[in-house]
Amino acid sequence: MASLSSQPSKKAIRSPGGSSGSQGTRSSSGQTVKFARRTSSGRYVSLSREDLDMSGELSGDYMNYTVHIPPTPDNQPMDTSVATKAEEQYVSNSLFTGGFNSVTRAHLMDKVIESEVSHPQMAGSKGSACSMPACDGKVMKDERGADVTPCDCRFKICRDCFLDAQKETGLCPGCKEAYKGGDYDDDDGADFSSGALSLPAPDGSKGDRNMSMMKRNQTGEFDHNKWLFETKGTYGYGNAYWPQDDMYGDDGDEGLQGGMMESNDKPWKPLSRSIPIPAAIISPYRLLILVRLVVLCFFLTWRIQHPNAEAMWLWFMSVICEIWFAFSWILDQIPKLCPINRSTDLEVLRDKFDLPSPSNPTGRSDLPGIDLFVSTADPEKEPPLVTANTILSILAVDYPVEKLACYISDDGGALLTFEAMAEAASFADLWVPFCRKHNIEPRNPESYFSIKTDPTKNKMRSDFVKDRRRVKREYDEFKVRINGLPDSIRRRSDAFNAREEMKMFKHKRESSSGADPPEPIKVQKATWMADGTHWPGTWAVPASDHAKGDHAGILQVMLKPPSHDPLMGGTDENILDFTDVDIRLPIFVYVSREKRPGYDHNKKAGAMNALVRASAILSNGPFILNLDCDHYFYNCKAIREGMCFMMDRGGENICYIQFPQRFEGIDPSDRYANHNTVFFDGNMRALDGVQGPVYVGTGCMFRRFALYGFDPAQVDKLPLKNVNSETQSLTATDFDPDLDVNLLPKRFGNSTMLAESIPIAEFQGRPLADHPAVKYGRPPGVLRVPREPLDAATVAEAVSVISCWYEDKTEWGDRVGWIYGSVTEDVVTGYRMHNRGWRSVYCITKRDAFRGSAPINLTDRLHQVLRWATGSVEIFFSRNNAFLASSRLKLLQRMAYLNVGIYPFTSMFLIVYCFLPALSLLSGHFIVQNLDVIFLSYLLTITICLISLAILEVKWSGVGLEEWWRNEQFWLISGTSAHLAAVLQGLLKVIAGIEISFTLTSKSAAEDEDDIYADLYLVKWTSLMIPPIVIAMVNIIAVVIAFSRTVYSLTPQWSKFIGGTFFSFWVLAHLYPFAKGLMGRRRKTPTIVFVWSGLIAITLSLLWIAISPPKASTANAGEGGGGGGGGNTFQFP
């Protein structure tokens, strides 16, 4: 039941003393699984208790099923292909649970969701009923969903009964004739998945005995297709792969005399290239940076040498702030000296990896595998429908199906998320082939059906409109099911809990001789699954072992691995016509890591590391792409775009490919700079010309080997032993001489399978060795081998590596995987890779690679920025500070990382500087003693340079001027609110050790469905709003007071008033979006705003009067002509 070779049946185990062998390459760790079926009360019992000898040594709660039984004379292995199908079906229909000091169990589920499951890869998909008497088993299914019958008589028999029949009599229970090895009806005819045809050798001898190894395929079998190419043998008369020279009447020399070309024989072409910024733009840009830097130096020197003797305090504060602003500008601007653009060539990628050739006549892809991670934690703040659409966009991506593996991490362990993912996997049976048939973009159903443009544009098939209408109807029903899951789960759980209460009541009544129990019956309010058993994760009513921070590890293979060769659909009147459309789906796995009280689970970083380990056991894709649950594939070829860099010459030194973040649902004016285009199109593009962009949390394709904490390969220092050594597979210690084989458990944990997967992932992630300049590659064709099928022991090992104790005393989170210790684990993880010498690449595609959502509400946006800034402060006070970086980090890259850790501290100087105009107006003094020509000349030159730099930056980055201005506005808003709070929180954590906790950013849509921007006008009070309100009120009051005083002064000083007012309006102009956000919808300002504004204005007025009280009337009172104040005394009119 759990191995590839020999399996125990439910009738074969008669005693508990069965041995557990260690054979099989996929179970070297010796992981043991207990197969069981849970009762309605949630207890585990054996699969078939009536057939088991319940001896004294056997437990009544569950029956042990060992993973491996060595083949013996009375226990012969079944046919390998039948065993493989049975094993995969058992794995996909089992919910695996386990954890620290607990048994790993595989719970066979009758059904995963309430609705019917149709796709044969889907968990819960079963065949017809077994024809054996008193057996409730189901017949195995093949890739098309047809029943697998091992005998020619088509007698339907389940896997367990088939094993028993083979062991006991060897006869088919239907026709009473002996089973023949491999003679089972698959309805598909012969298996040509390896591309081999049963052809004799030219001399009639056994070709597979004497032919060279060069004529064998990747599985070690004789490759008849390659024999056809090399010997020009024929199948009948001529063959489709190598036609005779005159087969098509071509008497000339233009025929296919050479056959198809091998990819190595074609001219070498690069997969990507760098496009420099035009010199007409970048040269003036660099010159202006130099000019502004020189002018700033002269300006600051002049400011220091010319203090304002009348207001030294004002002059001192302004000079300190200006020096810091100059330093901050240098850190931000200098790394932008080398921006570049990049382009990819998808046609060359296809020619190299996907086209048929003499050595690959079936066109199997040679692209490396990739594992896609999606993380979610709370179905209330991250709606399951949003996550389900993200999963559907991943399953439909344009990449070889057998190379893809999708993993969903549910850190909340919620049944709602589990069943939503199962519904998504079921709907993918229709959605994914529909996308492939009609080349749909985007492949997120919600986004696709929301497009306002003509859906028939560029669609060639005549049945598109009919298919689209049918899929739209099915998707609407799918949304109803997803949105109805909370109520469905609640009603189901209430019904089962009521049944349990009734059963308990009857039991108590029977035990008390018919009398009613004296106390009311209390039954734990459990959460129930669709098959009538307890959910092993978090319950709606928390209980021991079933709470958010206390539940077992859960792993469910929602979609089992697909067949290696395409599986074309057919005509189905009830659904759609998928003739000549590949209907396979990628493997899809639900993972919820174990959580226990007392363990630090390290939030998202810990969840990502759990997925890294689980995926290494199950699929071990050499590349990993992680997405937030609200980010989906907007470009189905995005993975191929990234692979153009990873598989190109020099790609072995790339640790990750970062894609820009693009957002939907943002208000047209982008009031709070949610698009953040200045950063994504400016800063990130500029860093791409240095050592690479920083990692920003989502939309990033990693090299798995780099995540493991290794340095980039240095070919000159590797232990190469032969001429073709650049294509040899190495071990982990070859890359890290300090890493002893015996120390692997200390770094990666005690999983042998995980340790063995590391060199495999490294080797498969290398670029092709198809060019002399590629000194460190892999030979073409090695990745065309089908991946090994999943067995129970492998899945059980994956469950063990997601347990909460696995990382104890290892380097996970310190050197390996996502780095712990910061709320911005993404930046730290990317910094560690760059610090080890890796480089990254920024991939901007013509069609956006991914799209997601962003908070458009002011409060949510400020809290999001607060989390980012707090992480930057943590970085500054940690060993991840770029001041402590190694020499492998380039200078400009070091400055960029320094800016990441320093920019929140600018808020302290920014707040002071925003108060300076008001203080200047109220005190009657300015930051300089006189507005002379030198000061104004410096100010004018700096302003002109700033505007010119902005225009040129807009030119090479593609950012709009309005977007640039919005970014400037929100920089001041966040700098005077969230950044200041982040500095205070960071200091509290460093000095006092007070931990910082953050809540998830809500990704739910607005409640007002008629207005998608309803959240924009929602005012939610937060203390972060106080500093900007104070700044705005102080500047407005100061302008009014200064204007009144100047107007009614005998000797008005308009120059000082104009200077102070100019800077006050500069501050207020930047705060305009903030003020507009406080107004809410249709100028309905919340009462709290008026209350706070009044209190602040009164407090500031009283404070100023206390600091600078008005002068009393003196003997000069009469000189002004009457009863008023003197000419030098200010009074309101």
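Of all the residues that make up the range 903-915, how many are open to solvent by 10 Å² or more (accessible area, probe 1.4 Å) and under 27 Å from the mean Cα position of the chain (by Cα)?
1
Regarding ASP932, is this residue free of Cβ contacts under 8 Å to residues at least 40 places away in the same chain, under 28 Å from ALA1069 (Cβ atoms) and open to solvent by 10 Å² or more (accessible area, probe 1.4 Å)?
yes
Name the residue that is nearest to the chain's Cα centre (by Cα), counting only residues in the range 1045-1085 that are hydroxyl-bearing (Ser, Thr, Tyr) and either modelled with pLDDT of 85 or more or assigned to a helix (DSSP H, G or I) (or both).
By that ranking, first place goes to TYR1072.
Output the number of the condition that PRO855 fails; it satisfies all remaining conditions of (1) modelled with pLDDT of 90 or more; (2) open to solvent by less than 30 Å² (accessible area, probe 1.4 Å); (3) within 28 Å of the chain's Cα centre (by Cα).
(1)
Can you give me the number of residues within the range 797-819 that are buried (at least 21 other Cβ atoms within 10 Å of the Cβ) and either free of Cβ contacts under 8 Å to residues at least 60 places away in the same chain or among the hydroxyl-bearing types (Ser, Thr, Tyr) (or both)?
Qualifying residue count for the region: 3.
Residues of the range 347-389 being β-branched (Val, Ile, Thr) and assigned to a strand (DSSP E or B), which ones?
Correct list: ILE370, VAL374, THR376.
Would you check if there is a residue in the range 1030-1044 being modelled with pLDDT of 75 or more, under 26 Å from PRO668 (Cβ atoms) and surrounded by 15 or more Cβ atoms within 10 Å (Cβ to Cβ)?
Yes, because at least one residue in the range 1030-1044 is modelled with pLDDT of 75 or more, under 26 Å from PRO668 (Cβ atoms) and surrounded by 15 or more Cβ atoms within 10 Å (Cβ to Cβ).
Kindly check whether there is at least one residue in the range 726-747 that is in contact with a Gly (Cβ under 9 Å, 6 or more places away or on another chain), in the same structural domain as ASP371 (by the TED database) and modelled with pLDDT of 80 or more.
Scanning the range 726-747, I find at least one residue that is in contact with a Gly (Cβ under 9 Å, 6 or more places away or on another chain), in the same structural domain as ASP371 (by the TED database) and modelled with pLDDT of 80 or more, so the answer is yes.
Could you grab me the full set of residues in the range 939-960 that are surrounded by fewer than 18 Cβ atoms within 10 Å (Cβ to Cβ) and not hydrophobic (A, V, I, L, M, F, W, C)?
Across the range 939-960, the qualifying residues are THR941, THR943, SER948, LYS955, GLY958, GLY960.
Looking only at residues in the range 390-420 that are in a strand (DSSP E or B), under 12 Å from the mean Cα position of the chain (by Cα) and not aromatic (Phe, Trp, Tyr), which one is nearest to MET643 (Cα to Cα)?
CYS406
Got at least one residue in the range 360-378 being aliphatic (A, V, I, L, M), in contact with a Lys or Arg (Cβ under 7 Å, 6 or more places away or on another chain) and closer than 20 Å to LEU567 by Cα?
yes
Consider the range 832-852. How many of its residues are open to solvent by 10 Å² or more (accessible area, probe 1.4 Å) and in a helix (DSSP H, G or I)?
The qualifying residues number 2.
Of everything in the range 269-319, what is open to solvent by 70 Å² or more (accessible area, probe 1.4 Å), part of a loop (DSSP other than H, G, I, E, B) and farther than 18 Å from GLN929 by Cα? Give them in sequence order.
LYS269, PRO278
Using the structure shown, decide if SER822 is among the small types (Gly, Ala, Ser), within 30 Å of LEU346 (Cα to Cα) and surrounded by fewer than 24 Cβ atoms within 10 Å (Cβ to Cβ).
no
In the set ARG364, ARG470, which member is modelled with pLDDT under 95, of a type outside the set (A, V, I, L, M, F, W, C) and open to solvent by 30 Å² or more (accessible area, probe 1.4 Å)?
Exactly one of ARG364, ARG470 is modelled with pLDDT under 95, of a type outside the set (A, V, I, L, M, F, W, C) and open to solvent by 30 Å² or more (accessible area, probe 1.4 Å), namely ARG470.
Suppose the filter is in a loop (DSSP other than H, G, I, E, B), at pLDDT 90 or above and in contact with a strand residue (DSSP E or B) (Cβ under 7 Å, 6 or more places away or on another chain); does ILE819 pass it?
When the stated conditions are applied, ILE819 does not pass them.
When you go through LEU946, LEU952 one by one, which is the residue that is in a helix (DSSP H, G or I), within 24 Å of TYR1072 (Cα to Cα) and in contact (Cβ under 8 Å) with a residue 12 or more places away in the chain?
After ruling out the rest, the residue left standing is LEU946.
Can you name every residue in the range 441-458 that is of a type outside the set (Gly, Ala, Ser), open to solvent by less than 90 Å² (accessible area, probe 1.4 Å) and either free of Cβ contacts under 8 Å to residues at least 60 places away in the same chain or not assigned by the TED database to the domain that holds ALA849 (or both)?
PRO445, TYR448, PHE449, ILE451, PRO455, THR456 - these are the residues of the range 441-458 that are of a type outside the set (Gly, Ala, Ser), open to solvent by less than 90 Å² (accessible area, probe 1.4 Å) and either free of Cβ contacts under 8 Å to residues at least 60 places away in the same chain or not assigned by the TED database to the domain that holds ALA849 (or both).
Let me spell it out: the conditions are (1) assigned to a loop (DSSP other than H, G, I, E, B); (2) touching a residue at least 12 places away in the same chain (Cβ under 8 Å); (3) open to solvent by 10 Å² or more (accessible area, probe 1.4 Å), and GLY598 meets all of them except one. Which number is the exception?
Tallying (1) assigned to a loop (DSSP other than H, G, I, E, B); (2) touching a residue at least 12 places away in the same chain (Cβ under 8 Å); (3) open to solvent by 10 Å² or more (accessible area, probe 1.4 Å), GLY598 fails exactly one: (2).
Against the condition crowded, with 19+ Cβ neighbours inside 10 Å, within 30 Å of HIS601 (Cα to Cα) and modelled with pLDDT of 85 or more, how does SER544 come out, does it pass?
So SER544 does not fit the description; no.
Collect the residues in the range 881-893 that are open to solvent by less than 50 Å² (accessible area, probe 1.4 Å) and part of a helix (DSSP H, G or I), keeping them in residue-number order.
ALA882, LEU892, GLN893
Looking at (1) in a loop (DSSP other than H, G, I, E, B); (2) assigned by the TED database to the domain that holds GLY413; (3) farther than 29 Å from ARG105 by Cα, can you tell me which one PHE478 breaks?
(1)
Mind listing whichever residues of the range 961-984 are surrounded by 21 or more Cβ atoms within 10 Å (Cβ to Cβ), assigned to a helix (DSSP H, G or I) and among the polar types (S, T, N, Q)?
SER974
Residues checked against (1) surrounded by 18 or more Cβ atoms within 10 Å (Cβ to Cβ); (2) in contact with a strand residue (DSSP E or B) (Cβ under 8 Å, 6 or more places away or on another chain):
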{"site": "ASP487", "(1), (2)": "no, no"}
{"site": "ARG499", "(1), (2)": "no, no"}
{"site": "TRP535", "(1), (2)": "yes, yes"}
{"site": "ASP550", "(1), (2)": "yes, yes"}
{"site": "GLY570", "(1), (2)": "no, yes"}
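The values are calculated or read from the model by the stated rules, or taken from the named source; none is laboratory data. Note that the structure is predicted; figures quoted are calculated from it, not measured. Reconstructed Cβ throughout: ideal geometry from the backbone, glycine too, with neighbour counts over all protein chains shown. Note: areas computed on protein heavy atoms with side chains; ligands, DNA, RNA excluded. Shrake-Rupley method; radii C 1.70, N 1.55, O 1.52, S 1.80 Å.
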